[in-house]
Amino acid sequence: MPNFNVFGAAPRGKRAGRVCARFLRIRVARPREPLPWAESLQCDTMPPFQVLIVPAALLAELIAHARTCAPVECCGLLAGRVAGGTARAETRYEVGNDAASATAYATNPRDMLRAFRDMRERGLELLAIYHSHPASPPKPSARDRAENTYGETVAHVIVSLAGPEPEVRAWWLAPDGAREADLVSRE
Ligand SMILES: [Zn+2]
């Protein structure tokens, strides 16, 4: 069985408590449970969900994609729906790695456009960008952080093939660091 991290705690960090500060100009402490009004306040300056659920079958597809592309990094998108602070991935899109590198990825623009068009037609939201680390742990590299143009609007899922078993972890990326996101896999 692949390893995946299941953490009960909500994402932490100084950014976590910011609720649309751009509009509200206030800072509030992150509630332990999503408040009823929290969803209406969400905007693209904060993580749009606290927990990412990736069905086991979809997780297996991610790992298979990583293995197919190795020793080059694979990349792709996870899309689904968000409700009550929980995101559930429903599908994924394979995206070509234009960097064709073992230590980096660059999403193919045409594949991205195709994926976004399909998401729009199906009413799905982009939840996460995934990529693989064929020979290193599933932790964001400095380049992953530097080249993240999505802020914390999407999670980053990394599939590592470095160990005896694949390991999958999810992250919220910022230029100055990364904090682990809650990734849950279930049937
Ligand atoms: Zn990476």
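Note on region 55-80: residues that are of a type outside the set (Gly, Ala, Ser), touching a Leu at 6+ places or on another chain (Cβ under 7 Å) and more than 16 Å from LEU183 (Cβ to Cβ) amount to 1.
Filtering region 135-147 to residues that are near the ligand (Cβ under 10 Å from one of its atoms) and closer than 16 Å to ALA106 by Cβ leaves PRO140, SER141, ALA142, ARG143, ASP144, ARG145, GLU147. Scanning region 36-87 for residues that are at pLDDT 95 or above, outside any helix (DSSP H, G or I) and polar (S, T, N, Q) gives a single hit, THR86. Looking across PRO175, PRO140, PRO164, one residue alone is exposed (fewer than 14 other Cβ atoms within 10 Å of the Cβ), within 23 Å of PRO55 (Cα to Cα) and without any contact (Cβ under 8 Å) to a residue 40 or more places away in the chain. It is PRO164.
The sole residue among ASN108, ASN97 that is within 13 Å of the ligand (Cβ to nearest atom) and within 15 Å of CYS75 (Cβ to Cβ) is ASN97. The residues in region 146-178 that are more than 12 Å from the chain's Cα centre (by Cα) and modelled with pLDDT of 95 or more can be counted, and the count is 8.
Inspection of region 127-135 identifies no residue that is in contact with a His (Cβ under 7 Å, 6 or more places away or on another chain), in a strand (DSSP E or B) and of a type in the set (Phe, Trp, Tyr).
The values are calculated or read from the model by the stated rules, or taken from the named source; none is laboratory data. All values derive from a computational prediction rather than experimental measurement. No Cβ is skipped: glycine too gets one built from the backbone with ideal geometry, and neighbour counts run over all protein chains shown.
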